[in-house]
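Participant: The structure is given below, and queries will be raised subsequently.
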Amino acid sequence: MFEAGTDTTANELRALIMVLSTHPQIQKRAQQELQHHLGDDLPSLDDLDRLPYIRAMVKEILRWRVVAPNGTVHETTADEWINGYRIPKGTALVYCIWAAHMNPETYANPEIFDPTRFMDGDKLKHGEEEMTTGMEAFGRGRRVCPGLHLATRSMFLVLSRLVWTFQFDYAKDPATGKQIPIDIDATDLSGVVKPFKCSIKPRSEERERIARQEWTNVNPEELGPSVA
């Protein structure tokens, strides 16, 4: 489960960094939520209930830039009838997650990244309290991804700390001083966001110091030999 979740979670976090770099109003609202509820305190998993907008950002990125948009293959265990069509036992079925996530009947303006679609004012909508509901990123049925809670909580923790620590923006061409464009639609067939350039700067010297200290406190052995 850990191995399968490494690349997928990393890609969703890359997509979130892309959003923060290209959507200043979304970044500002996330910063304001952190400042209002936590002030200068570093976010933790204990703050899940106090940061609904950041939780909604996690839900929305999993909808907007899902990894493996064609889903995984399932198989019928018995004959089924769907809309007058017979689906024999043993049929391979592919559930297209991308089509579900981009259905305008379910999500208004589905091509736009909008965390507030899961919110009612400053709170998550009723039934949307969990970061795993309201979208199909982890599949459906009995074979739903077993790592869904680990993935969403790790994304929440990393995202909240990134927003708390850094300011994201477009990178600038050193020769011209102009912004380097970011193509927010550039993904490969598996939904992986293609590399892009952006600007990442600490929001203050104190927050940079705290972030560095947090990294120093990590046990290198827990990160594996390539990091240690």
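Values in this text are rule-based calculations from the coordinates and carry no lab data. It should be emphasised that the depicted structure is a prediction, and the values quoted were computed from it without experimental measurement. Backbone-built Cβ (ideal geometry, glycine too); neighbour counts: all protein chains shown.
Participant: Angle, helix 205-217 long axis vs. longest principal axis of the chain, Cα atoms, 0 to 90°, nearest 10?
Facilitator: Once rounded, the angle reads 60 degrees.
Participant: Treating each Cα of the stretch 67-152 as an identical point scatterer and ignoring solvent, apply the Debye formula and state log10 I(q)/I(0) at q = 0.21, 0.22 Å⁻¹.
Facilitator: Log10 of I(q)/I(0), two decimals: -1.13, -1.18.
Participant: Next question. Going through the cross-link list LYS89/LYS125; LYS28/LYS197; LYS28/LYS194, which pairs have a Cα-Cα distance over 28 Å in this structure?
Facilitator: LYS89/LYS125
Participant: Let me ask another. Within a 10 angstrom radius of the beta carbon, how do ARG209, ARG50, ARG14 rank from fewest other beta carbons to most?
Facilitator: ARG209, ARG50, ARG14
Participant: With r as the distance between the Cβ atoms of ASP46 and ALA108 and R0 = 41 Å, compute the FRET efficiency 1/(1 + (r/R0)^6) and round to 0.05.
Facilitator: About 0.80, to the nearest 0.05.
Participant: A follow-up question, please. Report, to the nearest 10°, how far helix 52-64 tilts away from the longest principal axis of the Cα atoms in the chain, using its own Cα long axis and a range of 0 to 90°.
Facilitator: Tilt relative to the chain: about 50 degrees.
Participant: I would also like to ask the following. Using a Förster distance of 22 angstrom, determine the FRET efficiency expected from the C-beta separation of ASP122 and SER199, and round it to 0.05.
Facilitator: 0.15
Participant: In degrees, nearest 10, range 0 to 90: what is the angle between the Cα axis of helix 2-22 and the longest Cα principal axis of the chain?
Facilitator: The answer is roughly 60 degrees.
Participant: Now for a different question. Net charge within 14 Å of LYS172 by Cβ-Cβ distance, Lys/Arg positive one each and Asp/Glu negative one each, not counting LYS172 itself?
Facilitator: +1
Participant: For HIS36 and TRP81, what is the calculated FRET efficiency with R₀ set at 45 Å and r taken between the beta-carbons, to the nearest 0.05?
Facilitator: For HIS36 and TRP81, the calculated efficiency is 0.30.
Participant: For the stretch 2-223, just the Cα atoms, rotate onto the principal axes and tell me the three extents in Å, largest first.
Facilitator: Computed over the stretch 2-223, the largest-to-smallest principal extents equal 64, 43, 42 Å.
Participant: Going by C-beta contacts inside 10 Å, put CYS96, CYS145, CYS198 in order with the fewest on the left.
Facilitator: Fewest to most other Cβ atoms nearby, the residues stand as CYS96, CYS198, CYS145.
Participant: At a threshold of 8 angstrom on Cα-Cα distance, excluding pairs fewer than six apart, so keeping six or more, what relative contact order does the chain reach in percent?
Facilitator: For the chain, the relative contact order is 25 percent.
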